[in-house]
Every structure is written in C-alpha cells, then in structure tokens.
Amino acid sequence: MPTSPWVQGAYEPVLNEIEAFDLEVEGSIPSDLNGILARIGPNPIGEVPPDHNLFNGEGMVHTLTLKNGRAQTYRNRWVRTEPVARKLGEHTDLDPIENTDVANTHIFPFAGSLYALTETAIPYKVNEDLETLGREDFSGFIDTGFSAHPHVDPKTGEMHAIGYDNDADPSVTHYVIAPDGTPLRKNRIALGSAIMIHDFAATETFAIIWDLPLLFDVEAAKRGSKAPYKWTPGYEAKVGLRRLDAEDASVHWFDAPEAFIFHAVNAWEERGEDGSIAKVHCDVIRRDSMFASDSTGPGDMAIPQLYRWTMDLDTGAMTEELIDPRAQEFGRIDDRYWGRKNGFSVTTELFRFTGDTGIIVYDGNGRTQEWSFGKGAATSEAVFVPHDEDAGEGEGYILATATNVAKRTAKAAIFDAQNVKKGPLAEIKLPQRLPVTFHGSWIPEATA
Ligand SMILES: [Fe+2]
C-alpha cells in the first residue's frame, strides 16, 4: 500500500513525548536570552491513510527553555484536542464537535495565555508545561474557524484575525479582541465564493485581505475530502483594504493577479504630499498556483517567491514587483514593526526546492545575509527576539531549528540578527528529531 509522503522524511512523526534537561550546547547562549521557544506542527498519531492530509495531522508542540545561558529544558506534547485524547486512550471532558478539531499550525501568546491555533478550528489553550487547558472560543465570540495567524497591533495591543468557514454564505470574519482577551467586535464580510485564506497583513490603518482562486470544493467535501479546496483559474482574484477600526463590513477591493499567498511578511502605508494615504505596500510570499492537482500538502505548489504588492488608492490599481526569486516562505519581522515600514525581515529558504536550506535576512535596503544549514537539512521558520524593548529594529537574535533528515538529528540555532552570515552564536542539540513544524513564537521570561 502506498504511504503518505506527509509522514516520511522531514515529516516523519516522533512517537514519544519526552522531557530533557541541560542540553548539549556548541558555542555560547546569550545570557540575556531568557524564555521559551515554542514550535508546533502536525505529528500524526498511528497509521495514516495514503491520502492523508498534512494540514490535518494531530498537532504537537515542542518547547525549548533558555535560561541564564543554559538550554534548560526541551519538552514535546500533543495538544489534547478531543480526537487526540481519544486516540491516545486518555480521558477528556471535551465533547466531540462536528467541525474540524485540530490544533497544529501556530502557537501564539496573547493576554497571558498560550493558544494552539489552526485556521479551520476553535483555538486551544495550553500552558507552558504544555498541558492542554481546553478550547477557547472567547465566550462564544468565535463562530467560524478562527485563524492560525492572528496579529497584535503594536500600538493598540488589540488582536486582529481573519477567520472563515465553509458552512455559511461565502464570507470571512474580521475578529478584534482587546489586549486583556475581551472580545471587542466582529464583522462578517461577504465574498463571491468560499475561499481558503490563511493569513492577512495590515498597516496602521488597514487590514489587507486577499480573495484568491483557492476555492472550497463542495463536491470534494461531500466525498469526504479532508482538503476540499481546488485551484480555480479564471476566478476574479482580489485584494482588499479594510479599516482596522471598521464597525461594518466595508472593504475597498482591488483587482489582483491570479496567484496564491499563504503568508505576508509585512505591510505599511505611504502618505502623499497632502498627508493622506496614497499607497499601501504589502510584502508577500506569492505562488503562481496552489493545490492545482493535489491538496494533501504543499507538494503541488508553484515556487514561492518574495513579492511586493502595492495598492494605489488614487488610481485604484494594484501592481506587483518581484523582490527575490529564491524559493522561500515564513517571513518574520521584528514584531514591533508590524504594520509599519520595516527594514529587517527574515525568511526560510525552502528545502524541497533547493535541497540546501537556511535563512535569508533582509535589511530593507536591498542587502541580504544568508546562512545555510547544509544539504539534507530542513529549516524551520525563524523567530526574531529583540535584545530588549528599547533595542533598535532588528537588534537582537534569530532563533531557528534545523533537522538533519538523514542523520535523524535536530538542533536549535541562535544567531546575532545583524550578523547572520557569521553563523550561529550557539547551536543546541535537541534530544530527538524535530519533524517539520509550521510556526512558533518566542515567549519572553518576563511574561512567562
Ligand atoms: Fe501559516
């Protein structure tokens, strides 16, 4: 029987939940880097069918705690969704739900809690010991799949998210949650078709929402597909600007290229001589198509490249510019610059396209620095950590993990974000292989 590619090689699940202490370190862990690096990804339990969908694999969180220059603890745990608890034979107080019940895409700290997120599901709360605390729908506020990519506005502290589902009229929902976790408002925005939307971007004024040709496939859903989406050439792709403080369903739409975007890197606005917003720029990782013939994972996608999409509010036209043709994904910035013109950003070169994987750091002026973990390594999304809240943009550390598929080993690397080409300041040997993780966060000790 053929085996799913999404449980092999870099995707092969680990079988055990472990804890390890005082990990082996090469180099020197900065003593001011105190906190937890948390990563999450799919780690299926038991046998999977040949048509297994990567994005539905049971979510596992991995944490690495750094303290006073030591790699104090590594820990990994499945998020105990109701299906996970059932598969592990554990008691759970959770009721089964009809909707997707999975938590595998992002691990995100907000309002003193840690959320395990998947776009088609209700968030799960976990604690820093990786015990699952239950689902969190913010007292019934969330009534669609939430999002794996909420963003926190650095000025207001409010969390914004664009959620969707395929049960109702085609739409997305813009959720806004106060810094203390109190729901503030939500607005349902009607669309022409039910789409898959994974992330959004924003400036200081606008959320940027894309309505792209990856459409919900009703027939595939009826057949029981776990990934009922199809690439639909000819669909009128659009990108929309919506005020972050909007209290209605308003969106200013622009025609967009036939392309797919999982993630933005960042966005910002440019003001004209009269002080009004003239243009909105959004750096995105763009592909020509997605899931054109196979929607079980990212094996069937055009090369993802760094583009800049610009919306001109005077002309009503959107234009795009290729910034870097290298295959890459998972752009991250200094989060204090979310929605503002950023200089620093870091992306991950993609294993499948190059066989030589690492990170690319941009300085915003056309200069880049690269670091490769070598052939056969699978590098995770990188995370930036500023030295402290007064540090300049990009002054701090980059943390990334890399798995050597052939040797079945994994490590976490810490870089000086300003001098990546020099190589890691420290490499921490992880006690077991790290399957591909989608996203992660740094949780500073001060808020831990
Ligand atoms: Fe993502």
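The values are calculated or read from the model by the stated rules, or taken from the named source; none is laboratory data. Please read these numbers as outputs of a predicted model, since none were measured by experiment. For neighbour counting, all protein chains shown are included, and Cβ atoms are generated from backbone atoms with ideal geometry for every residue, glycine included.
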Selection within the stretch 216-234 - of a type outside the set (Gly, Ala, Ser) and within 16 Å of the ligand (Cβ to nearest atom)
Tyr229
Output the residues belonging to the stretch 97-112 that are in a loop (DSSP other than H, G, I, E, B) and within 19 Å of Asn56 (Cα to Cα).
Ile97, Glu98, Asn99, Thr100, Asp101, Val102, Ala103, Asn104, Thr105
Could you list, in sequence order, the residues of the stretch 115-160 that are at pLDDT 95 or above, of a type in the set (Gly, Ala, Ser), within 16 Å of the ligand (Cβ to nearest atom) and assigned to a strand (DSSP E or B)?
Ala116
Elements of type strands (runs of 3 or more DSSP E) in the stretch 299-360, at least 2 residues being within 17 Å of the chain's Cα centre (by Cα) and among the acidic types (Asp, Glu):
none
Go through the stretch 197-215 and give me each residue that's within 16 Å of the ligand (Cβ to nearest atom), in a loop (DSSP other than H, G, I, E, B) and touching a His at 6+ places or on another chain (Cβ under 9 Å).
His198, Asp199, Phe200
Of the conditions (1) out of contact with any Ser or Thr (no Cβ under 7 Å at 6 or more places or on another chain); (2) touching a residue at least 60 places away in the same chain (Cβ under 8 Å), Asp165 clears all except one; give me its number.
(1)
Residue that is nearest to Gly343 (Cα to Cα) [pool: residues in the stretch 238-266 that are within 16 Å of the ligand (Cβ to nearest atom) and among the aliphatic types (A, V, I, L, M)]
Val265
Pairing a residue in the stretch 98-113 that is in contact (Cβ under 8 Å) with a residue 60 or more places away in the chain and more than 16 Å from the ligand (Cβ to nearest atom) with any residue that is assigned to a strand (DSSP E or B) and aliphatic (A, V, I, L, M), where Cβ atoms lie under 7 Å and the two sit 6 or more apart in sequence or on different chains, gives Pro109/Ile443; Phe110/Val152; Phe110/Met159
Please determine whether any residue of the stretch 350-365 is surrounded by fewer than 17 Cβ atoms within 10 Å (Cβ to Cβ) and touching a residue at least 60 places away in the same chain (Cβ under 8 Å).
no
Is the stretch 181-196 home to any residue that is assigned to a loop (DSSP other than H, G, I, E, B), within 16 Å of the ligand (Cβ to nearest atom) and modelled with pLDDT under 95?
yes
Kindly state which strands (runs of 3 or more DSSP E) lie completely within the stretch 394-448 and contain at least 3 residues that are within 16 Å of the ligand (Cβ to nearest atom) and closer than 15 Å to Ala38 by Cα.
439-444
State all residues of the stretch 223-249 that are of a type in the set (D, E, K, R), under 19 Å from Asn166 (Cβ atoms) and free of Cβ contacts under 8 Å to residues at least 12 places away in the same chain; if no residue qualifies, say none.
Arg223
Listed by first then second residue, the pairs whose first member lies in the stretch 417-442 and is under 30 Å from Ala103 (Cα atoms), whose partner is within 16 Å of the ligand (Cβ to nearest atom) and among the charged types (D, E, K, R), with beta carbons under 7 Å and at least 6 positions apart or on separate chains, are Thr437/Arg39; His439/Glu381; Gly440/Arg39; Gly440/Glu381
